[in-house]
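Please read the structure below before turning to the comments.
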Amino acid sequence: MTVELAPAPSPTAAPAPRPRIFSGIQPSGLVHLGNDLGAIRNYVMLQFEYEAIYCIVDYHALTSTHDADVLRSRTREMAAGLLALGLDPERCTLFVQSHRPEHTELMWLLSTVTPVSWLERTPTYKDKIATQPDDVNHGLLTYPVLQAADIVIYKASLVPVGKDQAAHLELSREIVRAFNNRYGDTFPEPQAVYTPAPVVLGTDGVKKMSKSVGNTIDILGDPDVIRKQVMSMVTDTKRILRTDPGRPEVCNVCQLHRFFGDDYEDIWDGERTARTGCVDTKKLLAQRIIDHYAPARERYAELMANPAEIDGILEAGADRLKPKAQATMDEVRHRMGLR
Ligand code: AQP
């Protein structure tokens, strides 16, 4: 379910509490174009108007990443990436999930109101069974319950996510309803806030862009890598010869041009009339992505050279959230008859 965002409060109005938003991102690799177009752009915008809480979900990443050093460094990289793309620790709270272990206690409590059948029908669970058949761990099945706990422990009402997360968010709402029905009105039902971008497809042009699939465009990576990734993109598969007319509406490269410049209709026209070839269109896209993210790439390098700054921001974020997390847990334990 999507929501209309409330207008910004007028500067003369009495200060009202800002609605709280929450979103999480996995430290499972470098931040990619799908993350930015699908979610991070909203994270940055919303921090100005809402009480924004953003979480690097390392507990979730454990379902696929099993090397401790890799997870630790990816967590720091993800924090640097989010800060470089515009998260401002003065305006939002950025923290690491495992630094607030109350999330996992709440997850257990929520799991007792969650039928297993709801989890088994989750599309991402079915995908994971296919992509990591030798590692179908329990965490993959219960991932949506932890996700619900992440959101509701702060009683967040809005969740900026990519459209690929729609089914998970609906499940969070169902879990909240089940809890509230059994134990009384405790949590608001979280609602998704989407960017205008659809689910961004990966370089293969078929699957959603995803770190675990390896079809990403790593926007904060080396420009040569970005160029290589964009040049490897699958375009309109029916356009065989350079002189064949292209179909921009099914070409992933053409679709991505919508987000990098206001001349995409002209670019689409070039493809339709075979005035331009796929290679030209890809070269242009690669350059635009490289240019667009150049300042963020620079800031990312500065942050990565100063890990103490990143760690300080993450620690301060987790400390700031402690009273909120503990207050929710006190209420939930009381409602459920614990202690
Ligand atoms: N392709 C995408 N299109 C639109 N939005 C996307 N998001 C991710 N991919 C796309 C949004 O980014 C936020 C963080 O998502 P994530 O942590 O689940 O990142 P991921 O790239 O999806 O990670 P993995 O490792 O590849 O995990 P799997 O394969 O398990 O999904 C979310 O708001 C998401 O909607």
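The values are calculated or read from the model by the stated rules, or taken from the named source; none is laboratory data. All values derive from a computational prediction rather than experimental measurement. All Cβ positions, glycine included, derive from the backbone under ideal geometry; neighbour counts span all protein chains shown. To get the accessible areas, we keep the full protein, side chains included, count just its heavy atoms, and leave off ligands, DNA and RNA. Shrake-Rupley method; radii C 1.70, N 1.55, O 1.52, S 1.80 Å.
Across all directions, the average flat footprint of the convex hull enclosing the Cα atoms of the chain is 19.2 nm². With loop membership from DSSP and a limit of 14 other Cβ atoms within 10 Å, the longest segment of the chain without GluC sites (Glu not before Pro) is 91-339. Normalised by the number of residues in segment 98-195, the average gap of Cα pairs under 8 Å and 6 or more apart makes the relative contact order 32 percent. In the context of the full set of protein chains, segment 223-292 has a per residue accessible area of 55 Å² (1.4 Å probe). Taking all Cα pairs closer than 8 Å and separated by 6 or more residues, the relative contact order of the chain comes to 22 percent. Candidate cross-link partners of residue 228 among the lysines, defined by an alpha-carbon separation under 23 Å and a same-chain spacing of 8 or more, comprise 207, 208, 211, 238, 282, 283.
Proximity of backbone amide H atoms, modeled 1.01 Å from N, is registered between residue 246 and 272, 273, 274 at under 5 Å, excluding neighbours fewer than 5 places apart on the same chain.
Comparing Cα centroids, segment 53-129 and segment 212-274 end up 31 angstrom apart. Packing here is the average count of other Cβ atoms within 10 Å per residue, and on that basis the peptides 78-88, 137-147, 106-116, 30-40, highest first, run 30-40, 78-88, 137-147, 106-116.
Relative contact order of segment 245-316, please, whole-number percent, based on alpha carbon pairs below 8 angstrom and at least 6 residues apart.
Values: 38 pairs, mean separation 19.5, N = 72.
Relative contact order comes out at 27 percent.
Computed from backbone phi, the HN-Hα couplings of segment 237-250 come to 5, 8, 8, 8, 8, 4, 8, 5, x, x, 10, x, 5, 10 Hz, rounded to whole numbers (Karplus: 6.51 cos²θ - 1.76 cosθ + 1.60, θ = phi - 60°; Gly and Pro given as x).
Per Stokes-Einstein, at 4 °C and 1.567 mPa s, what whole-number D in µm² s⁻¹ belongs to segment 268-339, with the Kirkwood radius over Cα pairs as the hydrodynamic radius? Each step should come with its number before you reach the end.
Working: Rh = 17.4 Å.
Translational D for this selection: 75 µm²/s.
Dimensions of segment 54-97 from C-alpha coordinates, computed as largest minus smallest value along each principal axis and given longest first, are 33, 15, 11 Å. Would you work out which of 251, 285, 233 lies farthest towards the positive end of the dipole of segment 223-292, given +1 charges on the beta-carbon of Lys and Arg and -1 on that of Asp and Glu, about the Cα centre? Of 251, 285, 233, it is 233.
Amide hydrogen proximity for residue 192: with H placed 1.01 Å from N in the peptide plane, the residues at 5 or more positions away or on another chain lying under 5 Å are 159. Of all lysines in the structure, those lying under 18 Å Cα to Cα from residue 322, and not within fewer than 8 positions of it along the same chain, are 155. Counting only protein chain heavy atoms and rolling a 1.4 Å probe, the accessible areas of 207, 238, 128 rank, largest first, as 238, 207, 128.
Karplus-derived 3J(HN,Hα) values for segment 42-49, using 6.51 cos²θ - 1.76 cosθ + 1.60 with θ = phi - 60°, are 6, 3, 5, 5, 6, 5, 7, 10 Hz; glycine and proline are entered as x. Per the Debye formula on identical point scatterers at the alpha carbon atoms of segment 223-292, with no solvent, log10 I(q)/I(0) at q = 0.21, 0.23, 0.28 Å⁻¹ is -0.81, -0.96, -1.34. Taking the Kirkwood radius as Rh and the Cα radius of gyration as Rg, segment 59-143 has a ratio of Rg/Rh equal to 1.03. With the convex hull drawn around the C-alpha atoms of segment 192-244, the volume per residue stands at 130 Å³.
Taking amide hydrogens as placed 1.01 Å from N in the peptide plane, the amide H of residue 209 sits under 5 Å from those of 200, 201, 202, each at least 5 positions away in sequence or on another chain. Counting only Cβ charges, +1 for Lys and Arg and -1 for Asp and Glu, the dipole size of segment 223-292 around its Cα centre is about 340 debye.
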